[in-house]
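The values are calculated or read from the model by the stated rules, or taken from the named source; none is laboratory data. This one's a predicted model, so the numbers in the text were calculated from it and none came from an experiment. Please note: Cβ atoms are built from the backbone with ideal geometry, for glycine as well, and neighbour counts cover all protein chains shown.
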Amino acid sequence: MCGRKTLTITKNSIVKKLKIDEWKIRDYRPSYNICPTQYSPVLLMKEKKRIARSMKWGLIPEWSKNDSFSSKMINARAETLSEKPSFKNLIHRRRCVVLADGYFEWKRVNREKIPYYINPSNEPLFLMAGLWTIWRSDTSVVQTYTIITIPATNIIAHIHHRMPLILCPSKVNKWIDCEKYYHIEIDKSLENSKLNLSQARVGEYVNNASNNSAKCIEPNVGSKSLKQSVQTKI
C-alpha cells in the first residue's frame, strides 16, 4: 500500500517536467511527509489541457453520507476496481495522476514497524495512477482521491506486498484523458518498466505525522540492521 509520501520539488520544476498548462493550486509547499486526509497535487486533463489541482487524500464516495471514508480509502487495489461500488464508475471517467517523488512503507518485524523510504533514482517524480471524485455535503464540496496499488515488485516485496501503480510518462495522457480513452485496461503496458527504485531504511522521526522536514527521509545509518539503498528496474 502507500500510506505516506513526499513531494519535495518546487512548483516550477513540476510544471516544467510535466508540461502543465494550468496550475490551480494556491498554497503549494514542498512536503516530506504527506499524510492521508491532507491535500496534495494531482494531475487531470480537461479540454486537452494538463491541469494541476490540490485534492484531499482519501476518497469519499459520492454516495457517502459523511466524510468518514476519507481516512480509510487512501488506496484502491487494481485487481478489484471494477467490482467495488466506490471505484467502478470512476475508472472510466475520473482518473488522475498523483504526484510524488517518494513514499514511505513500514516493514513488520515481529511487533515492530520499521519505516523505509522508496523513491525513483533515475526520475524526479513518481507518476502514481489514481482515481478522484467530488463529494458534497450540506456545507461543503470536497475533491478527493485514492492511489491505485498493484502487487509489489521483488525488490519492494520484503517491505510490503503492495505498491503504487507507477505510470510510464508516455501513458500519462492516456490515463488522464477520460474523454478520449473512456474504456481503459489496467495492465503492464501502463507501468513504467524503465524506472529504477531506490529504498532505504529511515528513522522513526517520520512516524509522527506532524514532522515535516528533510529528516523524514534521512537514512537510519546508526542501525545495525540498516538495509542499504538498492536500485532495480520494475
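In summary, strands (runs of 3 or more DSSP E) completely within the stretch 113-209 and bearing 2 or more residues that are in contact (Cβ under 8 Å) with a residue 12 or more places away in the chain, of a type in the set (Ser, Thr, Tyr) and within 17 Å of residue 97 (Cβ to Cβ) occur at 141-151.
Given the condition aromatic (Phe, Trp, Tyr), under 30 Å from residue 221 (Cα atoms) and surrounded by 20 or more Cβ atoms within 10 Å (Cβ to Cβ), answer yes or no: does some residue in the stretch 90-106 qualify? Checked against the condition, which is being aromatic (Phe, Trp, Tyr), under 30 Å from residue 221 (Cα atoms) and surrounded by 20 or more Cβ atoms within 10 Å (Cβ to Cβ), the stretch 90-106 yields at least one hit.
If you scan the stretch 125-168, which residues turn out to be exposed (fewer than 15 other Cβ atoms within 10 Å of the Cβ) and over 30 Å from residue 114 (Cβ atoms)? Across the stretch 125-168, the qualifying residues are 134, 136, 137, 138, 139, 140, 141.
Scanning the stretch 169-187 for residues that are aromatic (Phe, Trp, Tyr) and exposed (fewer than 12 other Cβ atoms within 10 Å of the Cβ) yields one hit, 182. Looking at the stretch 62-85 only, could you name the residues that are outside any loop (DSSP other than H, G, I, E, B), among the acidic types (Asp, Glu) and modelled with pLDDT of 90 or more? Within the stretch 62-85, 79 is the sole residue that qualifies.
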